[in-house]
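The values are calculated or read from the model by the stated rules, or taken from the named source; none is laboratory data. Computed from a predicted structure; not experimentally measured. Here the Cβ positions follow ideal geometry from the backbone for every residue, glycine too, while neighbour counts run over all protein chains shown. Protein only, heavy atoms only, side chains kept; ligands, DNA and RNA dropped before computing areas. Shrake-Rupley method; radii C 1.70, N 1.55, O 1.52, S 1.80 Å.
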Amino acid sequence: MPVALLVPAGLGLFFLTVPLVGLLVRTPWATLPHRLTEPGVLAALRLSVLAATLATVLCLVLGVPLAWLLARVDFPGRRLVRALVTVPLVLPPVVGGVALLLVFGRRGLLGGWLDQTFGLTLPFTTTAVVLAEAFVAMPFLVIAVEGALRGVDTRYEEAAATLGAGRWTTFTRVTLPLVGPGIAAGAVLAWARALGEFGATVTFAGNYPGTTQTMPLAVYLALETDLEAAIVLSLILLVVSVAILAALRDRWLGTT
């Protein structure tokens, strides 16, 4: 390997791994078992995993059809729609939380109607956590699935159609299995992004223990009063994220 590439590659690896090593070095291993059993830690972890999972399911239900539309249907304004889908990738999460609040708040564009018609209030609830996480995570799924759809050999779908398969049968029996690895990759990325979401969640859902306080919010709160607690919470997030990503990647994507 050329030195001109090896040196910056090594520096890049160093830059990405040293903070993680620093987290492991500073972890209070002696008090770790006690801190892990604290009710606040368990509640935040449980809520984070549940909300991230529900957000990923929502992303799959809405994002897969959206990715198929962008990849397979040529309609006016497709580039604009694709740009709008990817906006949350570059939009500051706090701004996304404000936007969600203006739409789903009690005085929002839809929130007022939901409150008056169904008595449904979304902000500062667990549902708000799920919506905030889905908002920032869905672009990862859409991009991954759209890329997988564009890379599929359409001859298989055409062959199914010539054999009498309808559009829905072709989509469910041929297209989805072909893009399965792409969907799995997108789901994993979306889940990981949802698990670490902070800005949109704290703006739209608040920081209420047991209801909306996810692990990132708990880390931020602990950082102001107890550094060791913040380190332990950060370690949990790191371990859970790496373990889930590695397990799903090996099982669904077939990589090592």
Check the stretch 28-46 and report whether any residue there is modelled with pLDDT under 90 and of a type in the set (S, T, N, Q). yes
Sort out which residues of the stretch 213-242 are without any contact (Cβ under 8 Å) to a residue 12 or more places away in the chain and either open to solvent by 10 Å² or more (accessible area, probe 1.4 Å) or under 19 Å from Thr126 (Cα atoms) (or both), and write them in order of number. Ala222, Leu223, Glu224, Thr225, Asp226, Leu227, Val239, Val242
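Condition (residue is assigned to a helix (DSSP H, G or I), within 15 Å of the chain's Cα centre (by Cα) and closer than 12 Å to Val142 by Cα) applied to the stretch 47-57: is it met by at least one residue?
yes
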Go through (1) under 21 Å from Leu84 (Cβ atoms); (2) without any contact (Cβ under 8 Å) to a residue 12 or more places away in the chain for Leu149 and report which single condition fails. (2)
Hey, any hits in the stretch 31-49 for a residue that's farther than 27 Å from Val202 by Cα, of a type outside the set (Phe, Trp, Tyr) and open to solvent by 80 Å² or more (accessible area, probe 1.4 Å)? yes
Go through the stretch 112-124 and give me each residue that's open to solvent by 40 Å² or more (accessible area, probe 1.4 Å) and closer than 21 Å to Ala44 by Cβ. Phe124
